[in-house]
Amino acid sequence: MAFSQWTHKVAQFDAFPKVDSDNQARSEKGGLLTILLACFLALLSLSEFSEYRTIHNDYRFIVDPTIETSIQINMDLTVAMPCPVLLVHVYDASGQRMHLTENLRLVPAQFSTNRADQEKKQEPRFMQEVIKAASGKPYDEKIATEMGACRVFGSIYANKVAANLHFTSLGHGYHSHAHTDHKLLNFTHRIDQFSFGKQYPDLVNPLDKSVEIAQEHFEVFQYFLSIVPTTYIDSGKDVILTNQYAVTDSRKAVPEGRAMGTVPGIFFKYDTEPISVQITETRQPFTHFLVRLCGIIGGSVVTVGFIYRSIKLVLTGGKEDPNLYAPTHNIMRSV
């Protein structure tokens, strides 16, 4: 008895009063509107769930806190010159010069502006030498010269200071007993990949999939790269220390008759910025998702209901539906 009295008192605070079913009227228009609203809410719910599953990146710029003495350079490019006459060096601001031809893989190739086409047009008689070069074994330099191009790929570590990575040829730029025939000088190149450090999702390297066509035998291609140290923190709190870069480029073609003192080649001049960027993967919290979903569903139902009643009020001129209390009147008559 005391419990029923207590529940009766609590019922006085009900903020969600109910309407008796006898006083409710259902219509075809209301049913159609409910179906349309349910479909609309289903689409909104799917969109909200998709947004909840989406990973966003937050960016923060800070002074570079890392202390590193080396930087990883990754490259995969094809130069329209035979491998035996191609040289790769890094010359940095400290005065150190690194000869990298032996640290990278130089594989004979037939040049094409598209990598897929290059692999398709490879002649079967060249395949054996390509396999030897790719595995690091000695290959026939005459066949490599006949193929006319060289694919250079791999990763190297250089001092983390301003430096110049350059691709030149024998007898041009560095003292050598050999000298490259000017007819072979062709620094047309295609860059499939050029990056600094490890890869992370959505990393954009500006030089990837770029092509430059040389107009003269003596031509200088220069790329000026500004490297930004980057810390990437994924959703699992794993940290990747890597780099991004921005680039500007220039080229200069010199006729062979006026090429005295000109060193033809491809030059990548890079330097590291003192500011670093921290990228953190974030995802919407599950509680935030639930609150947004409830707000969308509840707000839509209330808003559509209010609009429906307002339109109905205007169309009926504020008069009550005569069939609203029909069930109650029938009961009274039967009594």
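Being within 25 Å of V161 (Cβ to Cβ), buried (at least 16 other Cβ atoms within 10 Å of the Cβ) and among the β-branched types (V, I, T) is a property that holds for V88.
Run G236 past the list (1) touching a residue at least 24 places away in the same chain (Cβ under 8 Å); (2) part of a loop (DSSP other than H, G, I, E, B) and report the number of the one that doesn't hold. Only one criterion in (1) touching a residue at least 24 places away in the same chain (Cβ under 8 Å); (2) part of a loop (DSSP other than H, G, I, E, B) is unmet by G236, namely (1).
Here R53 clears all of (1) open to solvent by 80 Å² or more (accessible area, probe 1.4 Å); (2) of a type in the set (D, E, K, R); (3) at pLDDT below 80 except the condition numbered (3). Scanning region 68-116 for residues that are touching a helix residue (DSSP H, G or I) at 6+ places or on another chain (Cβ under 8 Å) and either in a strand (DSSP E or B) or of a type in the set (V, I, T) (or both) yields T78, V85, R105, L106, V107, P108, A109. Regarding P65, is this residue closer than 30 Å to G154 by Cα, at pLDDT below 90 and surrounded by fewer than 11 Cβ atoms within 10 Å (Cβ to Cβ)? When the stated conditions are applied, P65 passes them. The test for being modelled with pLDDT under 90 and under 23 Å from F268 (Cα atoms) does not hold for N205.
A search for C-beta distances below 7 Å between a residue of region 152-166 that is touching a residue at least 12 places away in the same chain (Cβ under 8 Å) and any residue that is acidic (D, E), counting only pairs 6+ apart in sequence or on different chains, returns F153/D76; A158/D92; N159/D92; K160/E68; V161/D92; A162/D92; A162/D271; A163/D92.
For region 167-226, a tally of residues being open to solvent by 40 Å² or more (accessible area, probe 1.4 Å), of a type in the set (F, W, Y) and not in a strand (DSSP E or B) returns 1. Residues of region 26-58 that are in contact with a strand residue (DSSP E or B) (Cβ under 6 Å, 6 or more places away or on another chain) and either more than 30 Å from G154 (Cβ to Cβ) or in a helix (DSSP H, G or I) (or both): I55, H56, D58.
Among residues of region 122-166 being assigned to a loop (DSSP other than H, G, I, E, B) and crowded, with 19+ Cβ neighbours inside 10 Å, the one that is modelled with the highest pLDDT is K160. In region 239-298, the residue that is least open to solvent (accessible area, probe 1.4 Å) out of those that are touching a Ser or Thr at 6+ places or on another chain (Cβ under 9 Å), closer than 24 Å to T168 by Cα and part of a loop (DSSP other than H, G, I, E, B) is P264.
The values are calculated or read from the model by the stated rules, or taken from the named source; none is laboratory data. As the structure is a prediction and not an experimental result, all values here were calculated from the model. Note: ideal-geometry Cβ built from the backbone for every residue, glycine included; neighbour counts use all protein chains shown. When the accessible area is computed, the model is the full protein with side chains, heavy atoms only, and any ligands, DNA or RNA have been set aside. Shrake-Rupley method; radii C 1.70, N 1.55, O 1.52, S 1.80 Å.
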